[in-house]
Number of protein chains: 2
Amino acid sequence: MSKHRMTKQKTLILAIVKSTTCHPTADWVYQEARKEMPKISLGTVYRNLRLLVEMGAIMELNYGSSFSRFDGNPENHYHFVCINCDKVTDIAFKEPLDLNSKVVDNVEILFHRLEIYGYCKECQGSRKQGTENKSRESE
Amino acid sequence: MSKHRMTKQKTLILAIVKSTTCHPTADWVYQEARKEMPKISLGTVYRNLRLLVEMGAIMELNYGSSFSRFDGNPENHYHFVCINCDKVTDIAFKEPLDLNSKVVDNVEILFHRLEIYGYCKECQGSRKQGTENKSRESE
DNA sequence: ATATATGCAAACGATTTGCCACTAA
DNA sequence: TTAGTGGCAAATCGTTTGCATATAT
């Protein structure tokens, strides 16, 4: 294992991810970082995002998309993904799901990932355009 | 919408995905397909896998990995991912999770994705090698 | 007959990596 | 001082696509 150095770049990247609730992509973090540090490179952003994930400081998400999103909140929590506008928000349950007691096989659940899909409040009303499924069912 | 032709390639690819419970990757399907049809192309495999997903004949999964896996069972069900050997198996619950009644916000859940992580039965005992986290924490 | 699918190879986009200079410890 | 890190550009890898040909319907 390597010992981490707290460089300006790493500090900045962590601050950016922690400062937003928008569950940003690596490229969004890169664009933000460049405002503060114009010469920062995309490779550095990727490297540090990975390091921060491994350190447990942030969390990596990925929703079938071809790219990852990052979450400044490393605690296990759930996400709601709007299938119209792709926005990702946090979502909570009234009670713990308690999956371990409900699972049929006697396997030990160490952790799990749950993502909820639907229309967010903004897209709820405007369910017009027939965009029931925004995927590539076109042509 | 386009009308689908039932080509030999599409039939073969569907049969391959349906015939296994190993939740194969596109490349695994390609390798299998080549045994039957040596000149089939990887592009055709990808194209047909996508078509079959859109038709609802199979399901696309993706677990943080950089690549997708496919599942011959298109019905909504849950997966157990072994964090040691990466194997993906189906998993069931004794009772429905009933997320809609437990969610705090009054959003409507249209569908959800849940993945369970832990050690499969084979890797359970052999939790030796300190491979608690098989990721890239090496070097 | 003809629109859709194929094989092939080149393109793509997100992410990773090799290299050498730099800098935090 | 020195091992980890940054910047840069090239490489990688899964996946997609353009194009001319083949084939289901």
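The values are calculated or read from the model by the stated rules, or taken from the named source; none is laboratory data. Since the structure is predicted, the reported quantities are computational estimates derived from the model, not experimental observations. With ideal geometry, Cβ positions are generated from the backbone for all residues, glycine too; neighbour counts draw on all protein chains shown.
Restricting to region B:94-130, and then to whatever is in contact with a Cys (Cβ under 9 Å, 6 or more places away or on another chain) and surrounded by 15 or more Cβ atoms within 10 Å (Cβ to Cβ), can you tell me which residue is modelled with the lowest pLDDT?
B:Val107
Counting just the residues of region B:3-30 that are within 12 Å of DNA strand D (Cβ to nearest atom) and among the polar types (S, T, N, Q), which one comes out nearest to B:Cys85 (Cα to Cα)? It would help to see each step written out before you state the result.
Of all residues in region B:3-30, those within 12 Å of DNA strand D (Cβ to nearest atom) come to B:3-12, B:24-30.
After this cut, where a residue has to be among the polar types (S, T, N, Q) as well, the list is B:7, B:9, B:11, B:25.
On the way: B:Thr7: 35, B:Gln9: 31, B:Thr11: 31, B:Thr25: 15 Å.
Applying the filter and picking the extreme gives B:Thr25.
Within region B:46-77, which residues are more than 13 Å from DNA strand D (Cβ to nearest atom) and either touching a Gly at 6+ places or on another chain (Cβ under 7 Å) or under 25 Å from A:His112 (Cβ atoms) (or both)?
Listed by number, the residues that qualify are B:Ile58, B:Met59, B:Asp71, B:Gly72, B:Asn73, B:Pro74, B:Glu75, B:Asn76, B:His77.
Being modelled with pLDDT of 90 or more and over 12 Å from the mean Cα position of the chain (by Cα) is the requirement here; does B:Ile91 meet it?
So B:Ile91 fits the description; yes.
Which one of these does A:Tyr63 not meet: (1) under 24 Å from B:Cys82 (Cβ atoms); (2) in contact with a helix residue (DSSP H, G or I) (Cβ under 7 Å, 6 or more places away or on another chain); (3) touching a residue at least 40 places away in the same chain (Cβ under 8 Å)?
For A:Tyr63, the exception is condition (2).
Residue check: is A:Gln31 farther than 23 Å from B:Asp105 by Cβ and surrounded by 16 or more Cβ atoms within 10 Å (Cβ to Cβ)?
No: the conditions fail for A:Gln31.
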